[in-house]
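Here's the structure we're looking at; comments come further down.
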């Protein structure tokens, strides 16, 4: 099996290089409005944002920042297939503007934006992202009432485009082979993820200039969401590509991907990680199988039995739908010489005009090796 992965260097408010109805899943984490590390970026997009912050008008700055994200959401509505899923990882912001401390509810504003575009909100997920500070409060020390709760969680907001779920041909192999284990379903489809923790981006000393423009985004989050909401052969889009964690997760999960990123320097960061992808994908798959076998042992110790066996592994499974599950690993990753190959129907001249702004990778996949 082969997957392709494209990254467009450019503004995600205009995803013209991506065809209408060509993406099955969006997994992304945008810059969070009213988080200071993103002020300069938002101000470059709209100088009025900097003016609002300078005069202490937090609400106006908040609305103007989300207005820039709204243009990206417009593009997502266009490129997603009917029934496609958008997963938006976003955190709220706490900030003092003009000496007034408050929370800016980014998740509520994003929810409103997607609903206004006709998306159906689905149950969301909270995951815990501990703050770097050891202090668990903000405010006036140890006496009431002027202290504040420390935000240590983020949201994964989930939306479906249109009122109906995607349909597949009966018994579609690419869907059944992409099944997850019964116990994974129980862990993944809960509304609070306590087993996923925030992490710092591993940027080398050669990329110090990018540290302040990257954010903690654990691989487990996009990998899990990709497994939950897509099948083999699907394409996953991340319009805020950053260091390429969503593309890395798509490679590990055996899906195609496409990304958009303003900073071309992030491509160098991703290229530095390519040699590690086969081993990483193998370890991710083996860990899933190892956890399943641990689950089998515990279930048997509890006196419970299994009715089915996995066709591709020497292990029992709980449900009939798990029998044909086939985990995959990356055998090799190559850089595409022609990144525009097979991407759309543009003319030769149009494709050549922005070939320098497109980077592509091809991943060869094989069934997961067990030893």
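Residue 332 meets the conditions (1) surrounded by fewer than 15 Cβ atoms within 10 Å (Cβ to Cβ); (2) more than 25 Å from residue 223 (Cα to Cα); (3) modelled with pLDDT of 95 or more in every case but one. The failed one is (2).
Only a single criterion out of (1) closer than 20 Å to residue 262 by Cβ; (2) part of a loop (DSSP other than H, G, I, E, B); (3) modelled with pLDDT of 95 or more is not satisfied by residue 21, namely (1). Out of 92, 63, one residue alone is over 19 Å from the mean Cα position of the chain (by Cα) and either farther than 22 Å from residue 234 by Cβ or surrounded by 19 or more Cβ atoms within 10 Å (Cβ to Cβ) (or both). It is 63. Against the conditions (1) assigned to a helix (DSSP H, G or I); (2) farther than 21 Å from residue 129 by Cβ, residue 38 satisfies every one except (2). Screening the range 4-18 for residues that are in a loop (DSSP other than H, G, I, E, B) and in contact (Cβ under 8 Å) with a residue 12 or more places away in the chain and picking the one that is surrounded by the most Cβ atoms within 10 Å (Cβ to Cβ) gives 12.
Residues in the range 141-168 that are surrounded by fewer than 17 Cβ atoms within 10 Å (Cβ to Cβ), out of contact with any helix residue (DSSP H, G or I) (no Cβ under 9 Å at 6 or more places or on another chain) and closer than 27 Å to residue 324 by Cα: 3 in all. Report yes if some residue within the range 193-201 is farther than 25 Å from residue 269 by Cβ, modelled with pLDDT of 95 or more and over 17 Å from the mean Cα position of the chain (by Cα); otherwise report no. No, that holds for no residue.
Looking only at the range 33-49, residues that are within 19 Å of the chain's Cα centre (by Cα) and surrounded by fewer than 22 Cβ atoms within 10 Å (Cβ to Cβ) come to 1 in all. Quick check, is residue 95 under 16 Å from residue 38 (Cβ atoms), outside any helix (DSSP H, G or I) and in contact with a helix residue (DSSP H, G or I) (Cβ under 9 Å, 6 or more places away or on another chain)? The answer is yes for residue 95.
Of all residues assigned to the range 169-182, none qualifies as being in a loop (DSSP other than H, G, I, E, B), more than 16 Å from residue 310 (Cα to Cα) and in contact with a strand residue (DSSP E or B) (Cβ under 6 Å, 6 or more places away or on another chain). State whether one or more residues within the range 290-302 are in a loop (DSSP other than H, G, I, E, B), over 21 Å from residue 237 (Cβ atoms) and without any contact (Cβ under 8 Å) to a residue 12 or more places away in the chain. Yes - at least one qualifying residue is present in the range 290-302.
The values are calculated or read from the model by the stated rules, or taken from the named source; none is laboratory data. A quick note: this is a predicted structure, and the numbers were derived from the prediction, not measured. Methodologically, a virtual Cβ is constructed for each residue, glycine included, from the backbone with ideal geometry; neighbour enumeration extends over all protein chains shown.
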